[in-house]
Amino acid sequence: MKLADKYISSFKSVLVKAPSRREELFDALEAKGYRRKLPPTPVITRWCTWLETGSFHHQHLNAELEWLQETEDNSAMIHKLKKNCGKVELKEQLYKIHGVCAVIASATKTLEKRDLPSCDVWLLLQKCIGFDTRCAGT
């Protein structure tokens, strides 16, 4: 998931301090029939936000690709996004994130509501993933 992580991080960086880029993206989203909405902001201490952001990018990737191709912005971050956005590996990783997002995000939010520390939530999720992996191998 390294490529998806880089894409999510770079995309966030491109939009943070650039109102003109946000407007261009809004126009591209609107042209494809999507709402004028920015991707969720991933927060390091909240895994759900990263999953939700990855899912958003999966759902809106075609509009994002079009925006990146049409923008006249020549910044290093835009070039980095352009380099990675068309890769099949990125599409596959975002697809996987989208596929697990709803289930894992819901479970994580439920656990967080129980006032469990984030590290305990992570350990519980790792046990679930490990169990799933062991079951798949039998």
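The values are calculated or read from the model by the stated rules, or taken from the named source; none is laboratory data. Just so it is clear, the model here is predicted, and its values are computed rather than measured. Because the Cβ atoms are built from the backbone with ideal geometry, glycine has one as well, and the counts that use them run over all protein chains shown.
Remark: Lys6 falls outside the filter, which requires a residue to be surrounded by fewer than 19 Cβ atoms within 10 Å (Cβ to Cβ) and farther than 15 Å from Lys91 by Cβ. Whether a residue is aliphatic (A, V, I, L, M), surrounded by fewer than 19 Cβ atoms within 10 Å (Cβ to Cβ) and either modelled with pLDDT of 95 or more or under 30 Å from Lys113 (Cβ atoms) (or both) was assessed, and Ile44 passes this test. Of all the criteria given as (1) touching a residue at least 24 places away in the same chain (Cβ under 8 Å); (2) closer than 30 Å to Ser118 by Cα; (3) in a helix (DSSP H, G or I); (4) not β-branched (Val, Ile, Thr), the one not satisfied by Phe56 is (1). Residue-level analysis places Lys91 outside the set of residues that are under 30 Å from Leu123 (Cα atoms), in a helix (DSSP H, G or I), within 10 Å of the chain's Cα centre (by Cα) and not small (Gly, Ala, Ser).
Leu90 - would you say it is surrounded by 12 or more Cβ atoms within 10 Å (Cβ to Cβ), at pLDDT 90 or above and under 18 Å from Arg22 (Cβ atoms)? No: the conditions fail for Leu90. Here is the figure for the range 69-84: residues that are assigned to a helix (DSSP H, G or I), surrounded by fewer than 16 Cβ atoms within 10 Å (Cβ to Cβ) and not hydrophobic (A, V, I, L, M, F, W, C) total 5. Here the range 59-113 is the region considered, the condition is being in contact (Cβ under 8 Å) with a residue 60 or more places away in the chain and of a type in the set (Ser, Thr, Tyr), and the residue that is farthest from Tyr34 (Cα to Cα) is Thr108.
Within the range 1-50, being of a type in the set (S, T, N, Q), without any contact (Cβ under 8 Å) to a residue 60 or more places away in the chain and part of a helix (DSSP H, G or I) holds for Ser9, Ser20, Thr49.
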